[in-house]
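Scroll down for the structure; my scribbles are underneath it.
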């Protein structure tokens, strides 16, 4: 039997070791900081110094499909920068109403596949209805969650995220899963409004700088390959899976 002094020593040792383990292996919630004072268009949750923006709901479909979007965002240039090939498996993460999904489908051909990922049932229903109406058979709707896009492990060539990343509630967890889904040499293509340019009339929490993206991708094992600045207001920022 241990005497009182020995029991106290053991108890303190357990506390010390446990605390040390928690510090060396931070819990997931420790990655995110909650601040009472924050941008009214943000969630009040911060990741690596950046406030996470509020999510656009299904009510934003009309804005996603606005006729002037092609002139404002040049989706053809985005797709060109992706470097797609017939037979590729592409994930459109945060597909929304399918603005890019149905532009990607013919680029990968009948032997390829577009995984249209969204967490909102209304968006997924819209994607399914449009695929049927257009007679497109190589689009697969995927129900994701806030921390997992539910992509196949080592099964995706390219992941596209258009004005989506800044809204992810759990960016570390999602991008870790994205990395796991990539084939060797797989790429992630972000399209985000330039935070470096204050003249772009978009709410600040809905912008991303290349520097911030690179910092956040580095911690999940994605290396910055190049940035394409061919769009009027957005970056095309491309990362590759680190081996």
inquiry  = Looking only at region 217-236, filter to residues that are within 16 Å of residue 182 (Cβ to Cβ) and in a strand (DSSP E or B); which one of those is farthest from the chain's Cα centre (by Cα)?
reply    = 225
key: Hits in region 42-72 (condition: outside any helix (DSSP H, G or I), in contact with a helix residue (DSSP H, G or I) (Cβ under 9 Å, 6 or more places away or on another chain) and modelled with pLDDT under 95)   = 54, 55, 56, 57, 66
query = Filter region 99-112 for residues that are under 19 Å from the mean Cα position of the chain (by Cα) and buried (at least 22 other Cβ atoms within 10 Å of the Cβ); which is farthest from residue 80 (Cα to Cα)?
reply = 101
remark   = The number of residues in region 142-151 that are in contact with a strand residue (DSSP E or B) (Cβ under 8 Å, 6 or more places away or on another chain) and either modelled with pLDDT under 95 or not in a strand (DSSP E or B) (or both) is 4
ask   = Which residues, taken from region 101-121, are touching a helix residue (DSSP H, G or I) at 6+ places or on another chain (Cβ under 6 Å) and touching a residue at least 40 places away in the same chain (Cβ under 8 Å)?
value = 120
query = Which one of the conditions (1) in a loop (DSSP other than H, G, I, E, B); (2) loosely packed, with under 15 Cβ neighbours inside 10 Å does residue 96 fail to meet, given that it meets all the rest?
reply = (2)
request  = Output yes when any residue across region 113-124 is in a loop (DSSP other than H, G, I, E, B), under 17 Å from the mean Cα position of the chain (by Cα), crowded, with 21+ Cβ neighbours inside 10 Å and modelled with pLDDT of 95 or more, and no when none is.
outcome  = no
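Looking at 220, 158, 139, 205, which is the one that is under 30 Å from residue 39 (Cα atoms) and touching a strand residue (DSSP E or B) at 6+ places or on another chain (Cβ under 8 Å)? Let's see the steps before the verdict.
Working: 220 fails: touching a strand residue (DSSP E or B) at 6+ places or on another chain (Cβ under 8 Å); 158 fails: under 30 Å from residue 39 (Cα atoms); 139 fails: under 30 Å from residue 39 (Cα atoms).
Result: 205 is the single residue among 220, 158, 139, 205 that is under 30 Å from residue 39 (Cα atoms) and touching a strand residue (DSSP E or B) at 6+ places or on another chain (Cβ under 8 Å).
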task = Output the residues belonging to region 199-224 that are exposed (fewer than 13 other Cβ atoms within 10 Å of the Cβ) and at pLDDT below 95.
result = 201
note = Those residues of region 182-213 which are touching a residue at least 24 places away in the same chain (Cβ under 8 Å) and farther than 26 Å from residue 90 by Cβ amount to 197, 200, 203, 204, 205
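Give me a count of the residues in region 225-237 that are surrounded by 13 or more Cβ atoms within 10 Å (Cβ to Cβ) and more than 21 Å from residue 52 (Cα to Cα).
First, the residues of region 225-237 that are surrounded by 13 or more Cβ atoms within 10 Å (Cβ to Cβ): 227-228, 231, 233-237.
Now drop any that are not more than 21 Å from residue 52 (Cα to Cα), which leaves 227-228, 231.
Of the residues in region 225-237, 3 are surrounded by 13 or more Cβ atoms within 10 Å (Cβ to Cβ) and more than 21 Å from residue 52 (Cα to Cα).
The values are calculated or read from the model by the stated rules, or taken from the named source; none is laboratory data. Because the structure is a prediction, the values reported are computed rather than measured. Quick reminder, even Gly has a Cβ in these numbers, built from the backbone with ideal geometry, and neighbours come from all protein chains shown.
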